[in-house]
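See structure below.
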Amino acid sequence: MSQYSFASFVVERQFAEIYKRKSLLKRLDEAIDWEAFHPLIEAARPQSSSKGGRRPYDAVSTSKILILKTLYNLSDDGAELQIRNPLVFLASLRLDLGGKVPDAKMFFPTRRIPAKLLRRS
């Protein structure tokens, strides 16, 4: 069992904040009984005759990834990036992991800045 760190606590708190906002992902999880699809997906999954290699990931998880790739127009590499690093925006914006994050109301005043800059050039 791994040790629960302060970073784990902060990340967990960030995810809880995101999830409580009724994101598309949460609405999908609430509306779809993913496990009901498990036998159907497993039956359709190609069976490997190889005795080596890594074990396949859960069929439901990989199917959810395909759905998310379609919804968010992600390439295979883009999906991997989003799965591996859910904090990519936080890092890109140079925001602290446990710090304040701009709320939706902050975006409106700055929405027209790019258009104004383009008109000046």
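Computed from the coordinates by the stated procedures, all read-outs in this text should not be read as laboratory data. Being a predicted model, the structure only gives us computed values, none of them experimental. Here Cβ is always computed from backbone atoms with ideal geometry, including for glycine, and neighbour counts include all displayed protein chains.
In the distance distribution for the chain, Cα-Cα pairs more than 26 Å apart total 45 percent.
Sequence-ordered 3J(HN,Hα) estimates for segment 99-111 from the Karplus curve with 6.51, -1.76 and 1.60 and θ = phi - 60° stand at x, 6, 10, x, 8, 4, 5, 6, 6, 4, x, 9, 4 Hz, glycine and proline given as x. Excluding same-chain neighbours fewer than eight residues apart, the lysines reachable from K116 by a Cα-Cα span under 27 Å are K105.
Note on L66 and E30: the extension gain reaches 11.2 nm, defined as 0.36 nm multiplied by sequence separation minus the Cα-Cα distance. Note on K100: lysines with a C-alpha under 22 Å away, same-chain residues under 8 apart excluded, are K20, K22. Summing Lys and Arg as +1 and Asp and Glu as -1 over all other residues whose Cβ lies under 13 Å from the Cβ of I32 gives a net charge of -1. Label separation (A79 vs L118): 3.2 nm, computed from points 7 Å beyond Cα along the C-beta direction. Computed from the C-beta positions of F107 and A44, the FRET efficiency with R₀ = 35 Å rounds to 0.25. Hey, rough spin-label estimate for V10 and F89, points 7 angstrom out along Cα→Cβ, what's it come to in nanometres? Calculated label separation equals 1.8 nm.
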